[in-house]
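> Pasting a structure below so you can have a look.
The values are calculated or read from the model by the stated rules, or taken from the named source; none is laboratory data. These numbers come from a predicted model, not from an experiment. Cβ placement follows ideal geometry from the backbone for every residue including glycine, while neighbour counts extend to all protein chains displayed.
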């Protein structure tokens, strides 16, 4: 409703137990409200301790907290914010962005003014709105938001995924092929999607090339699992076994394959050991517990 002064006063007088409900979000909203009124990120009443490890905290919250810390060390100087962050915190989407960063999708969409993103807005903001629309509205709503302009690689990848999701697969292939050449997680994901699409259409060699031409994917366990599956689809069991053997220590898929092989070959001890290792990784799996019972029964009644 735009009554930011009243919102700030509510933060001042709310009980600590309420602020503790989601302390990172509460602290971010409190700092943003104060910044918009006083151009400072350090309201005197705020004593904040995050419950999250730093690696798990959203980038927006980390940036705001770091700027607040720097402001405190310089004894009252204005906080040092990047131009993009300062514009975001002063702009119409500041509170929506904080809710989005915390994963409160519907709340973020409710407060979103649906303005075009500000120039220089961080990639995560557009990505976050697109994903919120995808999950809480529809994939088509997310595509409409992304529009037809040139996008940063993470957003271009999301757009391609959305095109596949709404049945416009052919339109997604060209951008995916371009993205697959990138030496980044985006390139890895794009190459993986192309390989899966080719495999779905029984284009085994094309799928294999998509994996091998993207070094990050080819070297990752995900890529090796894909290569093993492709080898199995072509009847090259020995090749698949060699690939799986190289990653069995860390791959659920490889352990599962060897456990099945051991069961089929009546190697009960190996089948049991691999199934127990899988249960350590997936302790809630009822199927694995059933597999253990099946191994016990098969061993007792050969």
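> Taking the options 287, 214, 219, name whichever one is under 30 Å from residue 164 (Cβ atoms), in the same structural domain as residue 185 (by TED's automatic domain parsing) and surrounded by fewer than 18 Cβ atoms within 10 Å (Cβ to Cβ).
219
> Criterion first (closer than 28 Å to residue 229 by Cα, touching a helix residue (DSSP H, G or I) at 6+ places or on another chain (Cβ under 7 Å) and without any contact (Cβ under 8 Å) to a residue 40 or more places away in the chain) does residue 174 satisfy it? Outline the logic, then answer.
Working: closer than 28 Å to residue 229 by Cα: yes; touching a helix residue (DSSP H, G or I) at 6+ places or on another chain (Cβ under 7 Å): no; without any contact (Cβ under 8 Å) to a residue 40 or more places away in the chain: yes.
Taking the combined requirement at face value, the residue does not satisfy it.
> Looking only at the stretch 260-280, which residues are over 12 Å from residue 294 (Cα atoms) and crowded, with 18+ Cβ neighbours inside 10 Å?
262, 274, 278
> Kindly establish whether residue 120 is at pLDDT below 95, in contact with a helix residue (DSSP H, G or I) (Cβ under 6 Å, 6 or more places away or on another chain) and surrounded by fewer than 18 Cβ atoms within 10 Å (Cβ to Cβ).
yes
> Would you kindly identify the helices (runs of 4 or more DSSP H) lying entirely within the stretch 177-266 that contain at least 3 residues that are modelled with pLDDT of 95 or more and within 26 Å of residue 127 (Cβ to Cβ)?
185-200, 215-219, 221-233
> Still on this model: Output yes when any residue across the stretch 34-50 is at pLDDT 90 or above, under 19 Å from residue 22 (Cβ atoms) and not in a loop (DSSP other than H, G, I, E, B), and no when none is.
Yes - at least one qualifying residue is present in the stretch 34-50.
> Would you confirm whether any residue within the stretch 101-117 is part of a loop (DSSP other than H, G, I, E, B), without any contact (Cβ under 8 Å) to a residue 24 or more places away in the chain and crowded, with 18+ Cβ neighbours inside 10 Å?
Looking through the stretch 101-117, at least one residue is part of a loop (DSSP other than H, G, I, E, B), without any contact (Cβ under 8 Å) to a residue 24 or more places away in the chain and crowded, with 18+ Cβ neighbours inside 10 Å.
> Hey, another quick one. For residue 158, indicate whether it is within 29 Å of residue 216 (Cα to Cα), assigned by TED's automatic domain parsing to the domain that holds residue 195 and touching a helix residue (DSSP H, G or I) at 6+ places or on another chain (Cβ under 8 Å).
no
> Within the stretch 286-302, is there a residue that is closer than 20 Å to residue 211 by Cα, within 33 Å of the chain's Cα centre (by Cα) and at pLDDT 95 or above?
no
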